[in-house]
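The values are calculated or read from the model by the stated rules, or taken from the named source; none is laboratory data. Computed from a prediction, not measured in an experiment: that's the story for all the values here. Note: ideal-geometry Cβ built from the backbone for every residue, glycine included; neighbour counts use all protein chains shown. Calculation scope for accessible area: heavy atoms of the full protein, side chains included, ligands and nucleic acids excluded. Shrake-Rupley method; radii C 1.70, N 1.55, O 1.52, S 1.80 Å.
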Amino acid sequence: MDRETTSRNRVAWETASGKHVREYQDLLRQARDGSSLFPAEVALLGPLLRSAPSVVHLQSGHGLDDVALVRAGARAVCGVDFSSVAATAAARRAAELALPCRYVVGRLPGAPLRDGCADLVYTGKGALIWMPDLTAWARDVARLLRPGGHLFVYEGHPAVPLWSWDPDEPRIRPDRSYFGRSHVNDTFPANGAVEWQSTLGEVVNAVLGAGLELRHLAEFPEPFWRPDGVSAAAWQGRLPNTYALLARLPG
């Protein structure tokens, strides 16, 4: 990624992360009262979380998933995020809730954590679009995992950049390609940032190439995020909008 793109993305994401500060009390209430994990995540993560794993959450954002992971059984969670604004707000929430979550600011790949520190690496919900080199990312995941540890991804489907938000019927945007390498995001929260694209096959091959074994892959019609006031036909069950991937580092 060139320096100008990196700088533009950092500015865009720091600006977007201000929402986590402005809505601090609302997010704190959500963390106290419910779980941000989706049913598909709970179904796949449940057996892993019963063993009280040590979790690294790459691109941890507002940190609500970290709270949910601890409450579902994780021994501790370390979140890594590009945004100091997001990491600071997430750390404050975890402290108020007295939960074993800590946060570090870092650019990925190259998480500033020691090798073999995690039983589970968790990521997704708008994370991989910031990774121009999935091969390097997957190698970094493998570095962080202990033998027998798992990678879990719950993410927007790579086809999502194609779907328009038309309410009457699903349409493909004429300015996007499934095989494009990147596009400029024209919606919140990325407003003007460059998002990187990878096909589902490229995601899987990056994970396999890093030495992990694929254990589960599933696609779902439900999006992980719906902006207020928008009801797109692309979200009504006919098209893929999310996927879940579970992989294991051989023991």
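What to note about this one:
- Rounded to the nearest 20 debye, dipole of the stretch 26-141 from Cβ charges on Lys, Arg, Asp, Glu: 220 debye
- Normalised per residue, the accessible area of the stretch 137-237 is 49 Å², obtained with a 1.4 Å probe and no contribution from ligands, DNA or RNA.
- Cα principal axis extents for the stretch 40-182, largest first, Å: 47, 32, 31
- Rounded to the nearest 20 debye, the dipole magnitude of the chain is 700 debye, with +1 charges on Lys and Arg beta carbons, -1 on Asp and Glu beta carbons, and the Cα centre as origin.
- Summing charges over all other residues whose Cβ lies under 11 Å from the Cβ of Gly209, with Lys and Arg as +1 and Asp and Glu as -1, gives 0.
- For Asp140, neighbours were defined as the other residues whose beta-carbon sits under 14 Å from its Cβ, and their charges (Lys and Arg +1, Asp and Glu -1) total +2.
- Projected label distance in nm at Ala98 and Ser231, using a 7 Å step from Cα toward the beta-carbon: 4.4 nm
- Protection-proxy order for peptides 136-144, 54-62, 205-213, each taking the mean of Cβ atoms within 10 Å per residue, highest first: 54-62, 136-144, 205-213
- Relative pair counts by distance (%), Cα atoms of the chain, 10 Å bins: 7, 31, 39, 21, 2
- Environment charge of Phe224, counting only residues whose C-beta is closer than 10 Å and scoring Lys/Arg +1, Asp/Glu -1: -1
- Of the Cα atoms belonging to the stretch 129-214, the radius of gyration and Dmax stand at 15.2, 49 Å.
- Ligands, DNA and RNA left out, the 1.4 Å accessible surface of the chain is 54% carbon and sulfur atoms.
- Remark on the stretch 169-251: ratio of C-alpha radius of gyration to 2.2 N^0.38 Å is 1.31.
- Compared with the direct C-alpha span, the chain from Arg173 to Arg107 gains 20.7 nm at full extension, assuming 0.36 nm per residue.
- Considering only alpha-carbon pairs that sit under 8 angstrom and 6 or more positions apart, the relative contact order computed for the stretch 173-237 is 19 percent.
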